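Reviewing the structure listed below.
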Amino acid sequence: MAGPERKDRLTPSEARRAFVDGAIRLVDIRRRDEWLLGTPSGAEHRTVEELLAGAAPGAQRAVLICGSGRRSRAGADALRAAGIDAADVEGGFEAWRRHALPVDVPDSELSLRERERYQRHLALPSFGEAGQLALKRSRVLLVGCGGLGSPAAMYLAAAGVGRLTLVDDDRVERSNLQRQVIHDEAGLGRAKAASARERLAALNPDVELAAIDQRLDENLAERLVPAHDLVVDGSDNFPTRCVVNRACVRARTPLVYGAVERFEGQVGLFHPGSPDGACYRCLFPDLDAESAAMSCAEAGVLGVLPGIIGAMQALEAIKWLTADRAGAPAASLPVGWVATFEGLAGRWRRFDVPRDPGCPECGVDRSGTQPGP
């Protein structure tokens with residue numbers, strides 16, 4: 001080969017001309033999550049290790065390209081040290097794009113903007129594109145846009161949940177802002193559901209959002225819960241939690257539970273649809289005991305605590321919604337458990353919640369059958 005192609009480092013334009021002329025093989029050595037954002041038109045995808053293992057005597061010259069040029073330079077050096085004819089593209093794919101050279105974008109249900117946004121998810125070996133698509137296809141109902149709902153909603157939206165329905169009938173007050181970080185001073189007096197929706201739309205415009213400025217009663221719950229894949233309960237009162245739980249039992253919908261008081265919090269996952277799945281009322285069968293718990297206004301709460309518990313609720317929701325990506329059904333995940341967090345001690349404790357045959361919601365009814373469809 002004569003001319004500039006014999007250089008150990010080619011400019012993007014030189015590499016493109018040599019590739020079109022059939023003088024080289026252009027090899028993109030980036031990770032899959034990187035070339036999902038675009039790759040030099042016609043380039044093959046190989047690792048340096050694969051090139052070292054598969055090189056044949058007299059093989060066509062390999063010109064490597066990476067993101068910025070550093071990895072491809074080291075890779076080309078390694079190939080030449082092994083006696084393989086190789087070069088690299090100066091400046092990598094970043095320079096390739098600056099030169100406006102042809103780029104191929106792989107077919108995917110994810111847009112280029114989504115692939116850029118979720119690149120760190122796509123790089124996770126056990127998550128990847130399958131996990132991201134599972135999130136994109138999911139529908140989550142979030143009850144409450146307060147202390148727990150704020151972080152849960154923001155992380156679910158940022159993660160790429162396809163549809164997020166927000167339900168809350170409250171208005172933003174200044175005393176909320178110490179912990180309800182989805183709202184701000186400009187939103188004082190606004191409906192929390194609308195305030196949260198506006199913030200989430202700015203955070204991720206690819207998420208479909210619905211805001212319902214209404215208290216979740218039995219009728220609304222019976223309509224909404226079956227239309228969603230999972231419910232995150234961020235409410236702060238026992239009657240609403242019972243309404244949520246009852247609808248989840250009837251629809252056999254998984255429920256991520258959370259609660260905070262003073263310096264302590266709880267998070268749990270219930271799935272009444274599984275054979276041995278307990279529900280929230282298995283944990284609190286005594287109405288009087290739970291309803292006696294003080295509200296945040298009465299007992300106080302450390303502002304950061306709802307952030308910790310709400311983020312954990314988002315984590316459990318994401319784990320459930322993406323469980324099928326590796327062929328393991330979501331139903332195989334542990335359910336019927338609660339973890340408590342002692343904020344001052346920085347200590348977590350987790351315990352199982354067995355299904356109670358006498359539970360007022362999911363127990364055996366008078367006909368000897370389990371409630372539900």
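The values are calculated or read from the model by the stated rules, or taken from the named source; none is laboratory data. Note that this is a predicted model, so its numbers are computed, not measured. All Cβ positions, even for glycine, are placed from backbone atoms using ideal geometry, and neighbour counts span all protein chains on display.
Below are the figures for this structure:
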quantity	calculated
Flag if Asp236 is part of a loop (DSSP other than H, G, I, E, B), in contact with a Ser or Thr (Cβ under 7 Å, 6 or more places away or on another chain) and at pLDDT below 95	yes
Conditions (1) out of contact with any strand residue (DSSP E or B) (no Cβ under 6 Å at 6 or more places or on another chain); (2) outside the structural domain of Lys7 (by TED's automatic domain parsing): number failed by Val143	(1)
Helices (runs of 4 or more DSSP H) completely within the range 11-70 that count 1 or more residues being modelled with pLDDT of 90 or more, buried (at least 20 other Cβ atoms within 10 Å of the Cβ) and under 39 Å from the mean Cα position of the chain (by Cα)	12-20, 48-54
Filter result (of a type outside the set (Lys, Arg), assigned to a loop (DSSP other than H, G, I, E, B) and either crowded, with 17+ Cβ neighbours inside 10 Å or in contact (Cβ under 8 Å) with a residue 24 or more places away in the chain (or both)) within the range 177-187	Gln180, Val181, Ile182, His183
Criterion (within 24 Å of Thr322 (Cβ to Cβ) and either over 22 Å from the mean Cα position of the chain (by Cα) or surrounded by fewer than 22 Cβ atoms within 10 Å (Cβ to Cβ) (or both)) met by exactly one of Arg163, Arg190, Arg174	Arg163
In the range 98-143, the residues that are part of a helix (DSSP H, G or I) and of a type in the set (Lys, Arg)	Arg98, Arg113, Arg115, Arg117, Arg120, Lys136
Positions within the range 153-176 being out of contact with any helix residue (DSSP H, G or I) (no Cβ under 7 Å at 6 or more places or on another chain) and assigned to a helix (DSSP H, G or I), in sequence order	Arg174, Ser175, Asn176
Odd one out for Val181, checked against (1) in the same structural domain as Ala210 (by TED's automatic domain parsing); (2) touching a Pro at 6+ places or on another chain (Cβ under 8 Å); (3) more than 15 Å from Leu203 (Cβ to Cβ)	(3)
Sole residue being touching a Phe, Trp or Tyr at 6+ places or on another chain (Cβ under 7 Å), in contact (Cβ under 8 Å) with a residue 12 or more places away in the chain and either in the same structural domain as Asp8 (by TED's automatic domain parsing) or farther than 30 Å from Ala157 by Cβ (or both), chosen from Ile24, Ile65, Ile29, Ile84	Ile65
Residue within the range 198-217 that is touching a residue at least 60 places away in the same chain (Cβ under 8 Å), under 30 Å from Gly346 (Cβ atoms) and in a helix (DSSP H, G or I) present	no
